[in-house]
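Reviewing the structure listed below.
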Amino acid sequence: MVQRLLLAALAAAPLAALAGSHGRASSPDTTGTAPGLTQTTARSADGLPWYRPRHAVVQTGGGLGMVAAGVGYSLRDRLDLDILLGYVPKKYAGSTLSLASAKLLYSPWTLPVGEKWSVKPLSVGVYFSYTHGTINDEEPNQYSPGYYWFSTDTRVGPLLGSRLSYALPPTAAGRKRNLSGYYELGTNDLYLISYVQNTKGLSPADILTLSLGVKVDF
């Protein structure tokens, strides 16, 4: 089930980017592609094939691994979908953890700061993560049904952050490229429920996670 959700998330963003290019005038097909298939339908608005990632991501923290890395897709420079694989060593978690996650972030504004720099002051979104390797996660019949009322390996939650970008030289095809640093504050379903049930014992700071990361456009 989890694997199917991740595959669906991975497929959704590039298909959305492809849909955004529909309606534009297309030139005749001179490449020998099948009838009805043109360069416009085979490529997205930025000129890349729809299935190719637009950037690479590396981050630490945020509940997605001590180190997490992956690739992402962008739609009109506002909507980003990142697919990450994370890792936590055994010495920090009691068992070695592997995490697969997907983040969807919307950044409504981009503010120029000088000639090369720009800021996305607000990014909001959600994430989904699956953790493999949690202690007792695969021990059958160790606990009675319902002992853990929550999932021990699946988390979903909101994200809030911002991004600072530096303009890199464009590609040979003229596509803009940026090197960006970002931070994200987040929480998850279990933390939020715990806070609502115990507001006297927990503060908002107790349920927040912080991630720091870098993105570079291809």
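Brief remarks on what is shown
- Restricting attention to the stretch 116-143, the residues that are modelled with pLDDT of 95 or more and in a loop (DSSP other than H, G, I, E, B) total 1.
- For the stretch 30-79, the candidate set comprises residues that are polar (S, T, N, Q), modelled with pLDDT under 85 and in contact with a Ser or Thr (Cβ under 6 Å, 6 or more places away or on another chain); within that set, the residue that is farthest from residue 101 (Cα to Cα) is 38.
- Any hit, the stretch 145-153, residues being touching a Phe, Trp or Tyr at 6+ places or on another chain (Cβ under 8 Å) and modelled with pLDDT under 95: yes
- Taken together, 166, 182 contain a single residue that is crowded, with 16+ Cβ neighbours inside 10 Å, modelled with pLDDT of 95 or more and outside any loop (DSSP other than H, G, I, E, B), which is 182.
- Residue match in the stretch 72-79 (condition: farther than 26 Å from residue 47 by Cβ, touching a Gly at 6+ places or on another chain (Cβ under 9 Å) and surrounded by 14 or more Cβ atoms within 10 Å (Cβ to Cβ)): no
- Condition check for residue 97: crowded, with 17+ Cβ neighbours inside 10 Å and within 19 Å of residue 46 (Cα to Cα): no
- Of all residues in the stretch 194-218, those satisfying the criterion of being in contact with a helix residue (DSSP H, G or I) (Cβ under 6 Å, 6 or more places away or on another chain) and either assigned to a helix (DSSP H, G or I) or in contact (Cβ under 8 Å) with a residue 24 or more places away in the chain (or both) are 195, 207.
- Exactly one residue among 69, 100 is assigned to a strand (DSSP E or B) and without any contact (Cβ under 8 Å) to a residue 40 or more places away in the chain, and that residue is 69.
- Qualifying residue in the stretch 114-124 (condition: under 16 Å from residue 78 (Cα atoms), loosely packed, with under 13 Cβ neighbours inside 10 Å and over 23 Å from the mean Cα position of the chain (by Cα)): no
- Residues considered: 191, 166. Of these, the only one that is touching a residue at least 12 places away in the same chain (Cβ under 8 Å), of a type in the set (Ser, Thr, Tyr) and more than 19 Å from residue 66 (Cβ to Cβ) is 166.
The values are calculated or read from the model by the stated rules, or taken from the named source; none is laboratory data. The structure displayed is predicted, hence computed values, not measured ones. Here the Cβ is made from the backbone with ideal geometry for all residues, glycine too, and neighbour counts use every protein chain on show.
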